[in-house]
Every structure is written in structure tokens, then in C-alpha cells.
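What follows is a single structure, written as C-alpha cells, with notes after it.
The values are calculated or read from the model by the stated rules, or taken from the named source; none is laboratory data. Everything numeric in this text was worked out from a predicted model, so none of it was measured. Note that each Cβ is placed from the backbone with ideal geometry, even for glycine, and that neighbours are counted across all protein chains shown. The accessibility values were calculated without ligands, DNA or RNA, using every heavy atom of the protein model including side chains. Shrake-Rupley method; radii C 1.70, N 1.55, O 1.52, S 1.80 Å.
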Amino acid sequence: MIIVGSTNADVGIQHGIDILKNGGSAMDAVEATIRLVEDNPDDHTVGHNSYPNILGDLQLDASIMDGATLETGAIAAMQGFREAISIARRVKDTLPHVLLAGEGAERFAAEMGFEKQADMLTDEIREAREELLKADMPPEVFADLSSSAELHQWVTLASDPEKTRGTVNVLAQDHEGNLCTGVSTSGWAWKYPGRVGDSPIIGAGNYADNRYGAAGCTGMGEMAIRGATAHSVVFYLKSGASVAQAGIRAMQDLDDLGGRYLSGMNIVALDSGGTPGGFSSIKDRTFIYQTDEMSTHEETMRTFVEINQRWG
Ligand code: GLY
């Protein structure tokens, strides 16, 4: 039994391992681990109190995939509810659909009994947005941003990859050998309203198949969508690659992407035998894992894979 995650899963991984050790499923462990990240007030890239879009609205994306059945559930651009990963799981468990976005996701969350939040942001986050956006735009533009007809111009500046973004990936394998992957994020800080990244897109930011392995992505979601990156990792595993080879190949595929906006990409992976792997196009990045035999998690280096980066 094992849990693999991006480093910000450290607040929940022990709880996830305890669930596995007590006979819980990979799905239960993934959901519970991610809920603790979503509730972490110091993580401003996942769950409540995270960096909002350019208009100051927090829009969450999340997905979960069951490697035993290939069933999935996801929500995108959802406002006003904290428990993104749990709501994604309820989509999987309740509906004949796999992805709900915006108002539909919010309506569904309320139907499922999740509590609508009056406010998802602290003053600290509001002030961070104001400070960063005012550094890029004249005060009169900032003051009237919600009615701007040129938001597209400002979002290119505001969503510069050097500015904050993040996501959590959690992959688990339980005592029955079942795999599950969960991904949750607030997406890019200051993104265009309605922008959806790779996290709720199955095959892009999330994929799990008991027969071969699982993968999750963090980084520039647009690239993982274009490269179908999480599915690529699992496809390479299916083709006979080791987890180390599969992760490198999926990263190298991203080097073929053209266009003006290419930035950092990170993958965590797990094969069906329980071997973890981590990969990044940014040097010195780490990931974490913990098995049922370990008393705490281990943080270890991701394999660096150089790929094209350019902006604008
Ligand atoms: N990888 C998360 C996002 O781009 O939204």
C-alpha cells in the first residue's frame, strides 16, 4: 500500500496511509488526503482561501478517478463550496455524467448537502491580488476591472508563470491493489474567469488504471491538456515502459508543443506494482510518498526533464 503526492499533500498523507492501513480503499484515502490540503489555510493554490481569478472570484477545479472501473467524477470553475474533491467524487457516484462546470456544479453541490460558503477568501488573499494586479495595470483599470472589455489583455500579464500557481496530486494503491488518483486546484492565480485547467480533465491532469498505473500533473494545465499527459504516462506503462521511462517520455512529448505560452510541468506517477516516480521540467523539484511500512513520508527528487519554455 502506498500514497504518492505533490509536496503540498504532506498535510494529509499520514491520514491517508492510516485509512489504507485500516482497510480503507484507495478512493477513501485519496479523498481524505486531499480534503486536508483543501482545508489547509496556508495553501493558497488548493481549496478555500486560495488565489482567485482576475476578478477576485475563487473558482475551483478537481477530479477523481477509480483505477478499478475507470469511473471518474470532476467539477470545474466551481464557486462557493470548499470540498472540491468530495463533490467531484459525488459526481462519479451519483450522476451519469463525469464533469460538471460552474453553476451546474454549484447547484449539484448544494443538492448533495454541501454547505454554501459566504466567503472563501481572507483579506490576506484579497490584498495579495490587489498588490499583484496593481503592479501590472493602472489604478483606474483595476478599479473598474469587472466591466472591462479588455480583460483578455490584462490576463496575459497577470497569469505570468512566474506568479503563483499550484495544485495537489494524490495517488494511492490499497490492500486490494486498486489505484485511485485525485487532483484539486484553484488553478492559476488571476486566471481569466471560467478558465479550466488540466486538473478536472481526465487524461490531462489525472488518470488511473489498475492494470498499468496512475499519474497526476501539476504545472501549466494548458500543456497537460494539449499533451494528454496523465494518460500518456499510463499508456507508456501499458506499452511496457518502467515508471521512470513512462514519466520521462510523457514529459518529452510536451517538448513538441508549439505556440507562445509554454511553462513548467510536473508529473507524479505510480505503477501497478507500487513503484512511485516524480518528474519535472523545473530543476530541484520534489515529491512525496509513504508506504504502509513507513512511519512518515519521504520527500525525494523528481527526475528533471528539460522541455521548451517561452512566454509571450
Ligand atoms: N495544473 C493546474 C492548472 O493549470 O490549473
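Close Cβ contacts (under 6 Å, 6 or more residues apart or on different chains) running from residues in the stretch 189-214 that are farther than 14 Å from residue 172 by Cα to residues that are away from the ligand (no atom under 16 Å from the Cβ) comprise 193/55; 202/72. Residues in the stretch 202-248 that are open to solvent by 40 Å² or more (accessible area, probe 1.4 Å) and away from the ligand (no atom under 16 Å from the Cβ): 211, 212, 235, 236, 238, 239, 240, 242, 244, 245, 248. Any idea how many residues of the stretch 1-44 are more than 20 Å from residue 210 (Cβ to Cβ), within 16 Å of the chain's Cα centre (by Cα) and outside any helix (DSSP H, G or I)? Adding up the residues that qualify gives 6. Filtering the stretch 264-290 to residues that are closer than 19 Å to residue 182 by Cβ and in contact with an Asp or Glu (Cβ under 9 Å, 6 or more places away or on another chain) leaves 272, 277, 287, 288, 289, 290.
Just so you know, in the stretch 282-312 the residues that are in a loop (DSSP other than H, G, I, E, B) and of a type in the set (Asp, Glu) include one that is farthest from residue 231 (Cα to Cα), and it is 293. For the residues 148, 159, 184, 199, the requirement of being within 14 Å of the ligand (Cβ to nearest atom), open to solvent by less than 40 Å² (accessible area, probe 1.4 Å), modelled with pLDDT under 90 and not aliphatic (A, V, I, L, M) singles out 159. Scanning the stretch 162-173 for residues being buried (at least 24 other Cβ atoms within 10 Å of the Cβ) and more than 13 Å from the ligand (Cβ to nearest atom) gives a total of 4. In the stretch 179-281, counting only helices (runs of 4 or more DSSP H) that sit wholly within it, the ones holding 1 or more residues that are more than 23 Å from residue 66 (Cβ to Cβ) span 221-227, 243-254.
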